[in-house]
Each structure stands twice: as C-alpha cells, then as structure tokens.
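This report concerns only the one structure given below.
Just so you know, all these numbers are worked out from the coordinates, no wet-lab data involved. Keep in mind the model is a prediction, meaning the values are calculated, not measured. All Cβ positions, glycine included, derive from the backbone under ideal geometry; neighbour counts span all protein chains shown.
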Amino acid sequence: MSENPPRADYQQERSKDYWRGYIVGLTDGEGSFHIAFQIRDDLPMGISIIPEFHISQNATSAEALEKIRTNFGCGYIKPNHRNSQDNTFVYVVRDRYDLLTKIIPFFEVNKLITNKKEDFISFAEVVRFMEIGSHRTNEGVRTIIDLAYQMNGGGSRRIRKKNELINLLKSSETARKTRK
C-alpha cells in the first residue's frame, strides 16, 4: 500500500461519485417523476400540464433533501403532510428549465436501476415535447396524456381516468370552436 496521501482532486471526485449514487438510490426508493394535469378553462387546450420531480423523506431525515437541493441548485422543499400522522417533507422541481438542464441530464448519466427508469424516460420525453410546444396542440396533449398514463403504475392512483382527460380535451376544443 502506498504511503502517499490521496490527492485532493481524487477525494473530491470520490465525493461527487458518492452524492451521485446517493441521489440515484434515494430517487429509486423515495422519488418520483410525475406529470400532473390541471383543468383550466383559461388555457387554449383547457388542460395545464405540470411535470414534477420529487423525493420524499421523513422529517427526521429532511436534511438530506436540503443537501440534494443544494447539489442540484434548484427546486424547493415543502411539507408533504397529507394527514395529521404524516410527517414527511418533499423536495420538488417543477421549473421546466431546471428539469431540462439539471434533473434530466443528471439521470441520463446516472442511471436509475428500478422500474422508475421507465418512468424517467417517459417523463423526459414529455418535458422535451413541452419544450418544443407540443403541449399547445390537441395531438401533442393526447401524446403527453398517453405517456403520463403509462407512468407510475399505469395511472392507477390518479384521480381522473385517462378517458376523462381526453374527453375534457375534446370538450375544450369544441367550446373554442363554438366561441369563434
């Protein structure tokens, strides 16, 4: 074994590798790539599409979320309390620019190993569709809905069924045509 101390740059690289692995592992276990839909009459398609990356942690481990937020340099942390017994916090990134320039490239290089890797692929596709304006067309919104409902267990925990969203899209398109 060498008596020479490890070089500082090697230690820094090892530290970066540690954090990359930590973030990937935590995301595989406690993270999610999600596409939310909000009905909005003030929008041309009648539906707002909200891509979101998040990681949850119990309040006792919430400092890990702050380190991840600092690592990415974006997003925010908020209580994720769904009921009085829930004591979790969530790190959230919704800003499309941050998703495109920080989150998506990170996970393209640092691969997930669970079934979340398929959710990530669909998520990245949706965010990129939105970047080129596909969410502003009926066909684009339908494609995004299809991709979103393939994610996270096929949309089994969603409030709205896929067909309901598509019908709302149809009705908003009809309403716009009759207003002209």
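Apply the Kirkwood formula to the range 8-179: the hydrodynamic radius equals the inverse of the mean of 1/r over all pairs of different alpha-carbon atoms; give it in Å with one decimal. About 17.5 Å, per the Kirkwood formula over Cα pairs. For the range 10-77, what log10 I(q)/I(0) values come out of the Debye formula at q = 0.12, 0.13, 0.28 1/Å, with one point per alpha carbon and no solvent? Log10 I(q)/I(0), no solvent term: -0.45, -0.51, -1.25.
Cα centroid separation, the range 143-158 to the range 77-91: 24 Å.
Over 23 Å apart at the Cα level, from the set K16/K102; K16/K67; K102/K162; K78/K117; K116/K162; K16/K111, are K102/K162; K78/K117. Fully extending the segment from R136 to S156, taken as 0.36 nm per residue of separation minus the present Cα-Cα distance, adds 4.6 nm.
With R₀ set to 30 Å, the beta-carbon distance separating S48 from H81 gives a calculated FRET efficiency near 0.80. Inter-label distance, R94 to E125: 2.5 nm, where each label sits 7 Å from its Cα along the C-beta direction.
Counting 0.36 nm for each residue step from K111 to K16 and taking away their Cα separation leaves a gain of 32.7 nm.
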